[in-house]
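Some notes on the structure that comes next.
The values are calculated or read from the model by the stated rules, or taken from the named source; none is laboratory data. Computed from a predicted structure; not experimentally measured. Using ideal geometry, Cβ is built from the backbone for each residue, glycine included, and neighbour counts are taken over all protein chains shown. Ligands, DNA and RNA are excluded from the accessible area calculation, which covers all protein heavy atoms including side chains. Shrake-Rupley method; radii C 1.70, N 1.55, O 1.52, S 1.80 Å.
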Amino acid sequence: MTRREDAVLRVGEQEYTLPVIVGSEGEIAVDINRLRGASGLVTFDRGFANTAETKSAITFLDGEQGILRYRGYPIEQLAEQATFLEVAYLLANGRLPSRPQLDDYADEITHHTMLREDMKHLFEAFPKEAHPMHILASAISALATYYPDALDPGDPWAKDISMKRLLAKVPTMVAWSFRYGRNQPFVYPRNDLDYVANFLNMMFSFPTENYEVDPTVSKALNVLFILHADHEQNCSATTVRVVGSGHANLFSSVAAGVHALSGPLHGGANQGVVEMLESIVGAGGGIGPFVQRAKDKDDPFRLMGFGHRVYKNFDPRAQIIKRYAQEVLAKLDTADPLLEVAMQLEEVALGDDYFIEKKLYPNVDFYSGIIYRAMGFPTELFTVLFAIGRLPGWIAQWHEMQQDPTTRIGRPRQIYVGEPKRDWVAMEDRSA
Ligand code: SDX
């Protein structure tokens, strides 16, 4: 962390000198950690759009250049070259594993994919039509009840085993809640399959016949999980950090992150995109009215899958996913009218002054749902697939926060705009 000449804040007649810090990629920040103590002032910043709450070495984004790197490695290279578990190891440990390290890591994860048998009753307790994101958040929370001996975030053994248990067991949870919702038998994990193939087998195989994992689907899902693995201080990662900053255990912190991701403005957007595209197709395929609605300030409708807090140019993930959508549909020999509509919508929007001025481009959610559909996943599972991909990122962010000696419990200030002091009014003296 290098320093630059201090910043000077002038408020009225007063001047306050504030340190300036510079990140390893040249990002510059005014350090206001002592601002209130020195001046009584706080800053006001909705959605933390201009505020860095932490220093982090995990992921670097450059929204203007469309750059995304995990531990310094460009997302384009990782998507093409790495396996999802290799990226999970990289995010958690800060370096690419050697072959023995990766084999040992994968073996450990494989041997934690089983759920306790009594956990089946948890899935059976939900309504068949329950949204899988709500089930997933509950099931991850429940892990804290099944493993009470390994919850202490200050215990290195507990942290390590919980990080591996969480990464290993979530695909099994997702598959089992999916199967239960369809009155199908649970399929147990298989130790002879890799992480992604094992998930697909638990999702789509039947005890009555052999099931071969389609290598095209497995490779594409591996790439999609990598593309979703981390994204620095997004809404759900920030939620995980804030909950964990109170020394809550990993399962409770990540369960909160799942809830944050379920919002349609965040991870829920991939489901929203497909539902929007289906509406367009259902309305005859005309995209004009939808673009007009998205531009109408009085209409709450937004083009789902468009826009981003950080990317004010293209989202590099969307570009890779768009290419994969075309490849996977071709390889699976399935046409999807939604892909055509999505590409038309992108073309129209990117040529429209509203989207150009507001720098709204397709984000990671715009094309991912089309690939998930082609793979056979139902729309309501799309955000759950985002959550599986984001697990290593949440785990790495929680771990970095826990390890950081400068971490403080997340507790922002506010600007009070309510009533001034006033006295109690007896019931009989109150107006109607
Ligand atoms: C993810 O943070 C991350 O890194 C998230 C994520 C990750 O990997 O974790 O990348 C994943 O969440 C991607 C985003 C998925 N959400 C959507 O696709 C939902 C649609 N997009 C938006 O709601 C919006 O663009 C956000 C939420 C993504 C970003 O919101 P911001 O940064 O707070 O921007 P904003 O809402 O202030 O919008 C700026 C302007 C507004 O107009 P004005 O008030 O300035 O006139 O752009 C407009 C917005 O109305 N706008 C849109 C729009 N998105 C923003 N108008 C129409 N359609 C849209 N999609």
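List of remarks:
- Residues within the reach of a label modelled at residue 413 (point 7 angstrom out along Cα to beta-carbon, backbone nitrogen below 19 Å), restricted to segment 41-57, are 41-54.
- Take the Cα of residue 99, go 7 Å toward its beta carbon, and none of the backbone nitrogen atoms of segment 189-223 fall under 13 Å from that spot.
- Between the helical axis of 365-375 and the longest alpha-carbon principal axis of the chain there is an angle of about 20 degrees.
- When you count the other C-beta atoms within 10 angstrom of each residue and take the mean per peptide, 326-337, 310-321 line up highest first as 310-321, 326-337.
- For the chain, with +1 on Lys and Arg beta carbons and -1 on Asp and Glu, the positive-most of 334, 38, 114 along the dipole: 38
- Per residue accessible area of the chain, 1.4 Å probe, in Å²: 51
- Two-site label geometry, residue 48 and residue 279: point separation in nm, points 7 Å out along Cα→Cβ: 3.0
- Burial order of peptide ranges 188-201, 23-36, 255-268, 362-375 (average beta-carbon count within 10 Å, highest first): 362-375, 255-268, 188-201, 23-36
- Dipole magnitude of the chain about its Cα centre (Cβ charges: Lys, Arg +1; Asp, Glu -1), debye to nearest 20: 700
- Amide H to amide H distances under 5 Å link residue 9 with 16, 17, 18, where only residues 5 or more positions off or on other chains count and H is placed in the peptide plane.
- Computed over protein heavy atoms with a 1.4 angstrom probe, the accessible surface ordering of 357, 232, largest first, is 357, 232.
- Farthest towards the positive end of the charge dipole of the chain, among the residues 87, 170, 406, is the Cα of 406, using unit charges on the Cβ of Lys, Arg, Asp and Glu.
- Sorted on the mean count of surrounding Cβ atoms within 10 Å across their residues, most packed first, peptides 217-224, 97-104 read 217-224, 97-104.
- With every protein chain in place, segment 326-374: carbon and sulfur % of accessible area (1.4 Å): 49
- Within the accessible area of segment 160-291 (1.4 Å probe), percent carbon and sulfur: 55
- Over segment 117-227, the hull volume per residue, using the convex hull of the C-alpha atoms, is 127 Å³.
- Cβ-based net charge around residue 320, under 9 Å, with every Lys or Arg adding one and every Asp or Glu removing one: +1
- The helix-only estimate of mean residue ellipticity at 222 nm for the chain, built from DSSP H runs of length n ≥ 4 each weighted as -39500 (n - 2.57), is -15500 deg cm²/dmol after division by the residue total.
- Across the chain, C-alpha contacts under 8 Å between residues 6 or more apart give a mean separation that, scaled by the residue count, equals a relative contact order of 18 percent.
- Helix 84-93 vs. the chain, principal-axis angle (Cα, 0 to 90°, nearest 10): 30
- The phi-based Karplus calculation (6.51 cos²θ - 1.76 cosθ + 1.60; θ = phi - 60°) puts the 3J(HN,Hα) values of segment 133-146 at 5, 5, 5, 4, 4, 5, 5, 5, 4, 5, 4, 5, 7, 7 Hz, whole numbers, x for Gly and Pro.
- Full-stretch length increase - residue 296, residue 379 - with 0.36 nm per residue and alpha-carbon distance subtracted: 27.2 nm
- Toward the positive end of the charge dipole of segment 259-306, with +1 on the Cβ of Lys and Arg and -1 on the Cβ of Asp and Glu, the farthest Cα among 291, 270, 281 is that of 291.
- Taking the Cα centre of segment 65-152 as origin and assigning +1 to Lys and Arg Cβ atoms and -1 to Asp and Glu Cβ atoms, the resulting dipole is close to 300 debye.
- Prolate/oblate/rounded call for segment 336-407, Cα gyration tensor, a/c under 1.5 rounded: oblate
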